[in-house]
Amino acid sequence: MNTQKPYEFFDHTADVGMRATAPTLGALCVALARGLTELVAEDSRLEARETRPIDLAAEDAPTLVLTWLQELLFWFSTDQFLPVAYELEDVTPTRLRGRVRGQRFDPARHVQGREVKAVTRHLLDVRQEHGQWSGQVIVDI
């Protein structure tokens, strides 16, 4: 895994996969969210200009991570909002609550990355082993 970023990409047919490892489920969610933002806006310089609350529930940790990433992609698809900072207060395998700060994509200042169509359930894997959380998702581009 890349030592400078908390996530890595891997090729998967016409899609892109993301993997991350973190000490907590909240940190895993943040790492994968950062990967999603990089896919959408490459290495654009983003600022925390707007704050949005987030409160998600799911039946298990894999579904929670999937729901989290789908919500962030929905924000980008509908409002061009890109997250840059995360204040997650309550993260369990069935709940994620907190605030996300970021800004709206501006084509004059930001680099358009790949067009992300969806975050899929295909090969979705989130687990806790040996005191670490690991996760993998496939992104349809």
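Residues that are touching a strand residue (DSSP E or B) at 6+ places or on another chain (Cβ under 9 Å), surrounded by fewer than 18 Cβ atoms within 10 Å (Cβ to Cβ) and of a type in the set (S, T, Y): does region 39-59 have at least one?
yes
Are any residues in region 65-77 of a type in the set (S, T, N, Q) and at pLDDT 95 or above, and if so, which ones?
Narrowing region 65-77 to residues of a type in the set (S, T, N, Q): 67, 70, 77.
Passing the criteria: T67, Q70.
Which of the numbered conditions does Q136 fail, given that it passes all the others? Conditions: (1) surrounded by fewer than 17 Cβ atoms within 10 Å (Cβ to Cβ); (2) within 18 Å of E8 (Cα to Cα).
That leaves (1) as the condition not met.
Among the residues that make up region 14-37, is at least one of them surrounded by fewer than 20 Cβ atoms within 10 Å (Cβ to Cβ), over 19 Å from H122 (Cβ atoms), at pLDDT below 95 and of a type in the set (G, A, S)?
no
Look at region 84-98 and say how many of its residues are closer than 16 Å to L56 by Cα, surrounded by 16 or more Cβ atoms within 10 Å (Cβ to Cβ) and not small (G, A, S).
Qualifying residue count, region 84-98: 5.
In this structure, is V116 of a type in the set (V, I, T) and farther than 20 Å from L25 by Cβ?
Working: of a type in the set (V, I, T): yes; farther than 20 Å from L25 by Cβ: yes.
In short, yes.
Which members of region 99-133 meet the condition of being touching a Leu at 6+ places or on another chain (Cβ under 7 Å), surrounded by 15 or more Cβ atoms within 10 Å (Cβ to Cβ) and of a type outside the set (A, V, I, L, M)?
Listed by number, the residues that qualify are G102, Q103, F105, G113, W133.
Please find, among R127, R45, the residue that is farther than 26 Å from D11 by Cβ and of a type outside the set (S, T, N, Q).
Details: R127 fails: farther than 26 Å from D11 by Cβ.
Going through R127, R45 in turn, the sole match is R45.
The values are calculated or read from the model by the stated rules, or taken from the named source; none is laboratory data. Quantities reported herein were computed from a predicted structural model and do not represent experimental measurements. All Cβ positions, glycine included, derive from the backbone under ideal geometry; neighbour counts span all protein chains shown.
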